[in-house]
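Q: First the structure, which I've put down as C-alpha coordinates, then a few questions once you've had a look.
The values are calculated or read from the model by the stated rules, or taken from the named source; none is laboratory data. Since this is a predicted model, take the numbers as computed values, not measurements. FYI the Cβ positions are ideal-geometry reconstructions off the backbone, even for glycines, and counts take in every protein chain you see.
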Amino acid sequence: MKPCGRVIHSVAGLRPMIVDALSLRREIPLLVLRLPDVARRLERDTVDAFRRAAERVVREGDALAHEGGSDWFAIAMLTPARDGTMLDARSALERISATMSLVTGRRMETGWWPIGAVSEVEDFERTIERALERGLRERERYEFLATVGHELRTPLTSIRGYLETLLDDDLDSATARRFLVVARNEALRLGRLVDGMLDFSLLDLSAQPAPGVTDLTTAAAAAAEALAPVARQAGMRLRVRHDGEAAARIGGDACMHVLLNVIENAIKYASPGGRIDVCVGRQGPFIEATVDDDGPGVPSHERARIFEHRTRGGASESRPGCGIGLAIVRTIVERAGGTVTVDDSPLGGARFVIRLPGAKAEFQPTVS
(Lines give C-alpha, C1' and ligand atoms only; values in the text may rest on other atoms or scores of the structure.)
Protein backbone atom coordinates (compact mmCIF):
# COMPACT_ATOMS: atom_id res chain seq x y z
CA MET A 1 0.00 0.00 0.00
CA LYS A 2 1.38 3.40 -0.86
CA PRO A 3 1.86 5.76 2.13
CA CYS A 4 -1.15 7.89 2.93
CA GLY A 5 -0.61 11.59 2.47
CA ARG A 6 -3.64 12.66 4.51
CA VAL A 7 -2.78 15.27 7.15
CA ILE A 8 -3.67 14.60 10.78
CA HIS A 9 -4.59 17.93 12.36
CA SER A 10 -4.28 19.15 15.91
CA VAL A 11 -7.30 20.59 17.71
CA ALA A 12 -6.11 24.09 16.80
CA GLY A 13 -5.99 23.12 13.12
CA LEU A 14 -9.35 21.33 13.16
CA ARG A 15 -11.44 24.06 14.84
CA PRO A 16 -11.56 26.58 11.96
CA MET A 17 -12.34 23.82 9.47
CA ILE A 18 -15.43 22.76 11.46
CA VAL A 19 -16.53 26.36 12.00
CA ASP A 20 -16.32 27.03 8.25
CA ALA A 21 -18.32 23.86 7.51
CA LEU A 22 -20.99 24.89 10.06
CA SER A 23 -21.61 28.06 8.10
CA LEU A 24 -22.80 25.85 5.22
CA ARG A 25 -24.54 23.00 7.08
CA ARG A 26 -26.59 22.59 10.22
CA GLU A 27 -24.31 20.01 11.87
CA ILE A 28 -21.01 18.21 11.38
CA PRO A 29 -20.66 14.61 12.64
CA LEU A 30 -17.52 14.12 14.73
CA LEU A 31 -16.30 10.53 15.00
CA VAL A 32 -14.14 9.71 18.02
CA LEU A 33 -12.02 6.66 18.77
CA ARG A 34 -10.12 6.17 22.01
CA LEU A 35 -7.35 3.71 22.80
CA PRO A 36 -7.01 4.01 26.60
CA ASP A 37 -3.57 3.96 28.19
CA VAL A 38 -1.68 3.70 24.93
CA ALA A 39 2.05 3.78 25.64
CA ARG A 40 3.97 6.70 24.16
CA ARG A 41 6.26 4.27 22.36
CA LEU A 42 3.20 2.85 20.57
CA GLU A 43 1.64 6.20 19.70
CA ARG A 44 3.29 6.58 16.31
CA ASP A 45 2.23 3.07 15.25
CA THR A 46 -1.29 3.79 16.45
CA VAL A 47 -1.43 7.09 14.54
CA ASP A 48 -0.29 5.28 11.39
CA ALA A 49 -2.97 2.62 11.94
CA PHE A 50 -5.58 5.38 12.37
CA ARG A 51 -4.50 7.10 9.14
CA ARG A 52 -4.58 3.90 7.11
CA ALA A 53 -7.92 2.77 8.55
CA ALA A 54 -9.55 6.16 8.00
CA GLU A 55 -8.40 6.61 4.41
CA ARG A 56 -10.39 3.55 3.39
CA VAL A 57 -13.63 4.98 4.77
CA VAL A 58 -13.76 8.78 4.83
CA ARG A 59 -13.79 11.19 1.89
CA GLU A 60 -11.07 13.51 0.66
CA GLY A 61 -12.58 16.59 2.30
CA ASP A 62 -13.03 15.05 5.74
CA ALA A 63 -10.45 15.91 8.39
CA LEU A 64 -8.51 13.64 10.74
CA ALA A 65 -7.32 14.85 14.13
CA HIS A 66 -5.11 13.66 16.97
CA GLU A 67 -3.47 15.65 19.74
CA GLY A 68 0.04 14.42 20.52
CA GLY A 69 0.19 12.54 23.81
CA SER A 70 -3.59 12.02 23.97
CA ASP A 71 -5.44 8.70 23.69
CA TRP A 72 -8.18 9.88 21.30
CA PHE A 73 -8.47 10.13 17.53
CA ALA A 74 -11.17 12.10 15.75
CA ILE A 75 -12.65 12.56 12.29
CA ALA A 76 -14.71 15.60 11.34
CA MET A 77 -17.01 14.56 8.51
CA LEU A 78 -16.94 17.83 6.61
CA THR A 79 -17.88 16.51 3.17
CA PRO A 80 -21.53 15.73 2.35
CA ALA A 81 -22.35 12.89 0.00
CA ARG A 82 -23.39 13.65 -3.56
CA ASP A 83 -27.05 13.49 -2.57
CA GLY A 84 -26.44 15.97 0.23
CA THR A 85 -26.51 13.42 3.05
CA MET A 86 -23.64 12.56 5.37
CA LEU A 87 -21.73 9.29 5.43
CA ASP A 88 -23.28 7.01 8.06
CA ALA A 89 -21.34 7.75 11.25
CA ARG A 90 -21.93 4.42 12.98
CA SER A 91 -20.92 2.37 9.95
CA ALA A 92 -17.77 4.42 9.43
CA LEU A 93 -16.84 4.10 13.11
CA GLU A 94 -17.28 0.34 13.09
CA ARG A 95 -15.10 -0.11 10.02
CA ILE A 96 -12.29 2.14 11.27
CA SER A 97 -12.43 0.71 14.81
CA ALA A 98 -12.28 -2.87 13.51
CA THR A 99 -9.20 -2.09 11.41
CA MET A 100 -7.42 -0.28 14.26
CA SER A 101 -8.22 -3.06 16.73
CA LEU A 102 -6.83 -5.61 14.30
CA VAL A 103 -3.60 -3.64 13.87
CA THR A 104 -3.10 -2.69 17.54
CA GLY A 105 -4.50 -5.85 19.10
CA ARG A 106 -6.54 -3.71 21.49
CA ARG A 107 -10.21 -2.83 21.78
CA MET A 108 -11.21 0.70 20.83
CA GLU A 109 -13.78 2.89 22.59
CA THR A 110 -15.88 4.73 20.02
CA GLY A 111 -18.64 7.29 19.72
CA TRP A 112 -19.84 10.20 17.63
CA TRP A 113 -21.40 13.60 18.17
CA PRO A 114 -23.28 15.94 15.78
CA ILE A 115 -21.52 19.29 16.25
CA GLY A 116 -24.16 21.95 15.73
CA ALA A 117 -22.73 25.02 17.44
CA VAL A 118 -19.44 26.90 17.52
CA SER A 119 -19.38 26.49 21.33
CA GLU A 120 -18.99 22.74 20.85
CA VAL A 121 -15.92 23.40 18.75
CA GLU A 122 -14.44 25.76 21.32
CA ASP A 123 -14.90 23.26 24.16
CA PHE A 124 -13.49 20.42 22.08
CA GLU A 125 -12.44 18.20 25.00
CA ARG A 126 -16.02 18.21 26.32
CA THR A 127 -17.34 17.37 22.84
CA ILE A 128 -14.93 14.41 22.68
CA GLU A 129 -16.30 13.15 26.02
CA ARG A 130 -19.89 13.61 24.83
CA ALA A 131 -19.15 11.56 21.72
CA LEU A 132 -17.67 8.72 23.75
CA GLU A 133 -20.54 8.85 26.27
CA ARG A 134 -23.03 8.68 23.40
CA GLY A 135 -21.19 5.66 21.98
CA LEU A 136 -21.27 3.92 25.36
CA ARG A 137 -25.04 4.51 25.69
CA GLU A 138 -25.64 3.16 22.19
CA ARG A 139 -23.63 0.02 22.95
CA GLU A 140 -25.54 -0.48 26.21
CA ARG A 141 -28.87 -0.23 24.38
CA TYR A 142 -27.71 -2.68 21.75
CA GLU A 143 -26.43 -5.10 24.37
CA PHE A 144 -29.69 -4.89 26.32
CA LEU A 145 -31.74 -5.67 23.22
CA ALA A 146 -29.36 -8.48 22.28
CA THR A 147 -29.66 -9.90 25.80
CA VAL A 148 -33.45 -9.82 25.76
CA GLY A 149 -33.55 -11.33 22.27
CA HIS A 150 -31.21 -14.13 23.30
CA GLU A 151 -33.20 -14.96 26.43
CA LEU A 152 -36.57 -14.95 24.63
CA ARG A 153 -35.31 -17.23 21.86
CA THR A 154 -34.80 -20.32 24.05
CA PRO A 155 -38.37 -20.64 25.43
CA LEU A 156 -39.80 -19.82 22.00
CA THR A 157 -37.68 -22.58 20.42
CA SER A 158 -38.80 -25.05 23.07
CA ILE A 159 -42.49 -24.17 22.70
CA ARG A 160 -42.29 -24.43 18.92
CA GLY A 161 -40.52 -27.79 19.10
CA TYR A 162 -43.13 -29.36 21.35
CA LEU A 163 -46.05 -27.96 19.37
CA GLU A 164 -44.60 -29.19 16.07
CA THR A 165 -44.12 -32.65 17.59
CA LEU A 166 -47.74 -32.64 18.77
CA LEU A 167 -48.95 -31.65 15.31
CA ASP A 168 -46.74 -34.01 13.30
CA ASP A 169 -46.59 -37.16 15.45
CA ASP A 170 -49.28 -39.56 16.59
CA LEU A 171 -48.67 -39.45 20.35
CA ASP A 172 -50.50 -41.24 23.14
CA SER A 173 -52.54 -39.01 25.42
CA ALA A 174 -50.10 -39.19 28.35
CA THR A 175 -47.13 -38.11 26.22
CA ALA A 176 -49.16 -35.39 24.53
CA ARG A 177 -50.21 -34.03 27.92
CA ARG A 178 -46.59 -34.06 29.16
CA PHE A 179 -45.49 -32.12 26.08
CA LEU A 180 -48.27 -29.56 26.60
CA VAL A 181 -47.25 -29.11 30.23
CA VAL A 182 -43.64 -28.39 29.21
CA ALA A 183 -44.81 -25.95 26.51
CA ARG A 184 -47.10 -24.23 29.01
CA ASN A 185 -44.31 -23.91 31.59
CA GLU A 186 -42.01 -22.40 28.99
CA ALA A 187 -44.77 -19.99 27.93
CA LEU A 188 -45.23 -18.92 31.54
CA ARG A 189 -41.48 -18.41 31.92
CA LEU A 190 -41.48 -16.39 28.71
CA GLY A 191 -44.25 -14.22 30.17
CA ARG A 192 -42.21 -13.61 33.31
CA LEU A 193 -39.24 -12.58 31.17
CA VAL A 194 -41.36 -10.10 29.25
CA ASP A 195 -43.05 -8.74 32.39
CA GLY A 196 -39.72 -8.28 34.17
CA MET A 197 -37.69 -7.23 31.12
CA LEU A 198 -35.64 -8.77 32.83
CA ASP A 199 -36.07 -8.73 36.60
CA PHE A 200 -32.48 -9.91 36.95
CA SER A 201 -31.03 -6.93 35.03
CA LEU A 202 -28.86 -9.73 33.72
CA LEU A 203 -25.86 -7.72 32.64
CA ASP A 204 -26.16 -5.10 35.40
CA LEU A 205 -23.94 -6.22 38.26
CA SER A 206 -25.27 -3.43 40.50
CA ALA A 207 -28.69 -5.09 40.64
CA GLN A 208 -29.58 -7.46 43.48
CA PRO A 209 -30.12 -11.13 42.63
CA ALA A 210 -33.62 -12.54 42.89
CA PRO A 211 -33.80 -14.38 46.24
CA GLY A 212 -34.81 -18.01 46.53
CA VAL A 213 -33.75 -21.61 46.95
CA THR A 214 -34.00 -24.02 44.03
CA ASP A 215 -33.45 -27.76 43.70
CA LEU A 216 -30.82 -28.05 40.97
CA THR A 217 -31.86 -31.64 40.28
CA THR A 218 -35.43 -30.59 39.44
CA ALA A 219 -34.19 -27.55 37.51
CA ALA A 220 -31.73 -29.61 35.45
CA ALA A 221 -34.44 -32.11 34.55
CA ALA A 222 -36.81 -29.29 33.56
CA ALA A 223 -34.12 -27.58 31.46
CA ALA A 224 -33.25 -30.83 29.69
CA GLU A 225 -36.89 -31.52 28.94
CA ALA A 226 -37.40 -27.97 27.65
CA LEU A 227 -34.46 -28.43 25.26
CA ALA A 228 -35.34 -31.99 24.28
CA PRO A 229 -36.84 -30.97 20.89
CA VAL A 230 -33.64 -29.09 20.01
CA ALA A 231 -31.50 -32.05 21.05
CA ARG A 232 -33.71 -34.48 19.12
CA GLN A 233 -33.53 -32.39 15.97
CA ALA A 234 -29.71 -32.44 16.21
CA GLY A 235 -29.70 -36.19 16.91
CA MET A 236 -28.17 -35.61 20.37
CA ARG A 237 -28.42 -37.91 23.37
CA LEU A 238 -29.15 -35.69 26.37
CA ARG A 239 -28.97 -37.40 29.77
CA VAL A 240 -29.38 -36.04 33.33
CA ARG A 241 -27.85 -37.82 36.32
CA HIS A 242 -28.15 -36.78 39.98
CA ASP A 243 -27.65 -37.85 43.58
CA GLY A 244 -31.06 -36.78 44.83
CA GLU A 245 -32.28 -33.37 45.92
CA ALA A 246 -29.69 -30.59 45.66
CA ALA A 247 -30.89 -27.32 47.17
CA ALA A 248 -28.95 -24.27 45.99
CA ARG A 249 -29.29 -20.64 47.00
CA ILE A 250 -30.54 -19.16 43.75
CA GLY A 251 -33.91 -18.08 42.36
CA GLY A 252 -35.84 -20.50 40.19
CA ASP A 253 -35.92 -18.42 37.01
CA ALA A 254 -32.27 -17.43 37.43
CA CYS A 255 -31.33 -21.08 37.81
CA MET A 256 -33.25 -22.01 34.67
CA HIS A 257 -31.50 -19.25 32.73
CA VAL A 258 -28.11 -20.65 33.71
CA LEU A 259 -28.89 -24.28 32.95
CA LEU A 260 -30.71 -23.57 29.69
CA ASN A 261 -27.85 -21.44 28.37
CA VAL A 262 -25.13 -23.95 29.25
CA ILE A 263 -27.05 -27.00 27.99
CA GLU A 264 -28.06 -25.19 24.79
CA ASN A 265 -24.40 -24.26 24.28
CA ALA A 266 -23.47 -27.94 24.62
CA ILE A 267 -26.14 -28.93 22.08
CA LYS A 268 -24.80 -26.32 19.68
CA TYR A 269 -21.21 -27.56 19.83
CA ALA A 270 -21.48 -31.29 20.51
CA SER A 271 -20.61 -33.67 17.68
CA PRO A 272 -23.41 -34.45 15.19
CA GLY A 273 -25.46 -37.21 16.76
CA GLY A 274 -23.32 -36.81 19.87
CA ARG A 275 -23.80 -37.00 23.59
CA ILE A 276 -24.43 -34.49 26.39
CA ASP A 277 -24.33 -35.46 30.06
CA VAL A 278 -25.71 -33.27 32.84
CA CYS A 279 -24.79 -34.27 36.40
CA VAL A 280 -25.97 -32.64 39.64
CA GLY A 281 -24.52 -33.35 43.06
CA ARG A 282 -23.26 -31.88 46.32
CA GLN A 283 -19.60 -30.96 46.78
CA GLY A 284 -19.09 -29.94 50.41
CA PRO A 285 -21.05 -26.73 51.08
CA PHE A 286 -21.71 -26.27 47.36
CA ILE A 287 -24.07 -27.74 44.78
CA GLU A 288 -22.45 -28.51 41.44
CA ALA A 289 -23.97 -29.03 38.05
CA THR A 290 -21.63 -30.25 35.31
CA VAL A 291 -22.50 -30.23 31.62
CA ASP A 292 -20.28 -32.39 29.39
CA ASP A 293 -20.29 -32.61 25.61
CA ASP A 294 -18.27 -34.53 23.04
CA GLY A 295 -17.55 -31.58 20.76
CA PRO A 296 -14.21 -29.89 20.00
CA GLY A 297 -13.85 -28.41 23.48
CA VAL A 298 -12.53 -24.96 24.38
CA PRO A 299 -8.79 -24.22 24.01
CA SER A 300 -7.15 -23.45 27.36
CA HIS A 301 -6.16 -19.92 26.35
CA GLU A 302 -9.80 -19.12 25.45
CA ARG A 303 -11.44 -20.41 28.65
CA ALA A 304 -11.47 -17.18 30.61
CA ARG A 305 -12.48 -15.05 27.64
CA ILE A 306 -15.58 -16.97 26.58
CA PHE A 307 -17.46 -15.64 29.61
CA GLU A 308 -16.82 -12.05 28.59
CA HIS A 309 -19.74 -10.18 27.07
CA ARG A 310 -19.95 -10.60 23.26
CA THR A 311 -16.59 -12.40 23.14
CA ARG A 312 -16.01 -14.90 20.36
CA GLY A 313 -13.00 -17.15 20.73
CA GLY A 314 -10.58 -16.91 17.85
CA ALA A 315 -8.55 -20.10 18.00
CA SER A 316 -11.18 -22.67 17.17
CA GLU A 317 -13.39 -22.30 14.14
CA SER A 318 -15.47 -25.27 15.27
CA ARG A 319 -16.13 -23.83 18.70
CA PRO A 320 -15.88 -20.04 18.49
CA GLY A 321 -17.32 -19.20 21.91
CA CYS A 322 -20.84 -18.34 22.99
CA GLY A 323 -20.88 -14.58 23.34
CA ILE A 324 -23.86 -13.20 25.23
CA GLY A 325 -25.19 -16.50 26.60
CA LEU A 326 -22.16 -17.35 28.71
CA ALA A 327 -21.82 -13.73 29.83
CA ILE A 328 -25.35 -14.00 31.23
CA VAL A 329 -24.47 -17.30 32.92
CA ARG A 330 -21.43 -15.85 34.65
CA THR A 331 -23.33 -12.73 35.77
CA ILE A 332 -26.17 -14.71 37.34
CA VAL A 333 -23.93 -17.32 38.98
CA GLU A 334 -21.52 -14.78 40.48
CA ARG A 335 -24.37 -12.68 41.80
CA ALA A 336 -25.67 -15.82 43.54
CA GLY A 337 -22.26 -16.29 45.20
CA GLY A 338 -21.08 -19.09 42.90
CA THR A 339 -18.63 -19.73 40.09
CA VAL A 340 -18.73 -21.13 36.57
CA THR A 341 -15.70 -22.62 34.83
CA VAL A 342 -14.89 -24.64 31.74
CA ASP A 343 -12.42 -27.51 31.43
CA ASP A 344 -11.81 -30.67 29.42
CA SER A 345 -14.61 -33.23 29.46
CA PRO A 346 -14.17 -37.00 29.81
CA LEU A 347 -16.38 -37.18 26.70
CA GLY A 348 -13.65 -35.38 24.75
CA GLY A 349 -15.28 -31.95 24.49
CA ALA A 350 -15.97 -29.22 27.04
CA ARG A 351 -17.06 -29.58 30.65
CA PHE A 352 -18.86 -26.59 32.18
CA VAL A 353 -18.97 -26.65 35.98
CA ILE A 354 -21.59 -24.49 37.72
CA ARG A 355 -20.97 -24.23 41.47
CA LEU A 356 -23.60 -22.60 43.70
CA PRO A 357 -23.90 -22.18 47.47
CA GLY A 358 -25.92 -24.95 49.07
CA ALA A 359 -29.03 -24.14 51.07
CA LYS A 360 -31.69 -25.76 53.21
CA ALA A 361 -34.46 -27.39 51.22
CA GLU A 362 -36.93 -24.49 51.15
CA PHE A 363 -37.51 -24.66 47.44
CA GLN A 364 -38.71 -21.88 45.18
CA PRO A 365 -40.67 -23.47 42.31
CA THR A 366 -38.57 -23.78 39.18
CA VAL A 367 -41.55 -23.65 36.84
CA SER A 368 -45.17 -22.71 37.34
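Each row is one residue, and each column tells you yes or no for (1) surrounded by 18 or more Cβ atoms within 10 Å (Cβ to Cβ); (2) at pLDDT 85 or above.
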{"residue": "Thr85", "(1), (2)": "no, no"}
{"residue": "Glu133", "(1), (2)": "no, yes"}
{"residue": "Pro155", "(1), (2)": "yes, no"}
{"residue": "Leu188", "(1), (2)": "no, no"}
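Q: Tell me, yes or no, whether segment 219-238 has at least one residue that is over 18 Å from Glu151 (Cα atoms), modelled with pLDDT under 85 and not basic (Lys, Arg).
A: Scanning segment 219-238, I find at least one residue that is over 18 Å from Glu151 (Cα atoms), modelled with pLDDT under 85 and not basic (Lys, Arg), so the answer is yes.
Q: Further question on the same structure: Only residues that are surrounded by 10 or more Cβ atoms within 10 Å (Cβ to Cβ), charged (D, E, K, R) and modelled with pLDDT of 85 or more: list them for segment 168-177, please.
A: Across segment 168-177, the qualifying residue is only Arg177.
Q: Is at least one residue of segment 163-176 touching a residue at least 60 places away in the same chain (Cβ under 8 Å), under 28 Å from the mean Cα position of the chain (by Cα) and outside any loop (DSSP other than H, G, I, E, B)?
A: Among the residues of segment 163-176, not one is touching a residue at least 60 places away in the same chain (Cβ under 8 Å), under 28 Å from the mean Cα position of the chain (by Cα) and outside any loop (DSSP other than H, G, I, E, B), which makes the answer no.
Q: So which of Arg126, Arg107, Arg134, Arg130 ends up being free of Cβ contacts under 8 Å to residues at least 12 places away in the same chain and in a helix (DSSP H, G or I)?
A: Checking each option against the conditions leaves just Arg126.
Q: Return the residues of segment 285-308 that are touching a residue at least 40 places away in the same chain (Cβ under 8 Å), out of contact with any Asp or Glu (no Cβ under 7 Å at 6 or more places or on another chain) and not hydroxyl-bearing (Ser, Thr, Tyr); say none if nothing qualifies.
A: Residues satisfying the conditions are Pro285, Phe286, Ile287, Glu288, Ala289, Val291, Asp293, Asp294, Gly295, Pro296, Val298, Arg303.
Q: Please go through (1) more than 25 Å from Arg15 (Cβ to Cβ); (2) surrounded by 15 or more Cβ atoms within 10 Å (Cβ to Cβ) for Arg56 and return the number of the only condition it doesn't satisfy.
A: If we test Arg56 against (1) more than 25 Å from Arg15 (Cβ to Cβ); (2) surrounded by 15 or more Cβ atoms within 10 Å (Cβ to Cβ), just (2) comes out false.
Q: Let me confirm something: among Val278, Val342, Val329, which residue is at pLDDT 90 or above and within 30 Å of Glu140 (Cα to Cα)?
A: Testing whether each residue is at pLDDT 90 or above and within 30 Å of Glu140 (Cα to Cα) leaves just Val342.
Q: Could I ask something else about it? With respect to the numbered conditions (1) within 20 Å of the chain's Cα centre (by Cα); (2) loosely packed, with under 14 Cβ neighbours inside 10 Å, which one is the sole condition not fulfilled by Gly116?
A: Here Gly116 clears every test but (1).
Q: Please state which of the following conditions His242 fails to meet, knowing it meets all the rest: (1) modelled with pLDDT of 90 or more; (2) closer than 30 Å to Asp168 by Cβ; (3) of a type outside the set (S, T, N, Q); (4) surrounded by fewer than 22 Cβ atoms within 10 Å (Cβ to Cβ).
A: Among (1) modelled with pLDDT of 90 or more; (2) closer than 30 Å to Asp168 by Cβ; (3) of a type outside the set (S, T, N, Q); (4) surrounded by fewer than 22 Cβ atoms within 10 Å (Cβ to Cβ), the lone unmet condition for His242 is (2).
Q: Of all residues in segment 245-264, count the ones that are within 16 Å of Val342 (Cβ to Cβ) and modelled with pLDDT under 90.
A: Summing the residues that are within 16 Å of Val342 (Cβ to Cβ) and modelled with pLDDT under 90 in segment 245-264 gives 2.
Q: Which condition breaks for Glu317 when tested against (1) out of contact with any Lys or Arg (no Cβ under 9 Å at 6 or more places or on another chain); (2) modelled with pLDDT of 85 or more?
A: (2)
Q: I would also like to ask the following. Could you check how many residues of segment 61-80 are farther than 16 Å from Asp20 by Cβ and either in contact with a Phe, Trp or Tyr (Cβ under 7 Å, 6 or more places away or on another chain) or of a type outside the set (D, E, K, R) (or both)?
A: Adding up the residues that qualify gives 9.
Q: Could you tell me whether Glu60 is outside the structural domain of Glu27 (by TED's automatic domain parsing) and out of contact with any strand residue (DSSP E or B) (no Cβ under 8 Å at 6 or more places or on another chain)?
A: The answer is no for Glu60.
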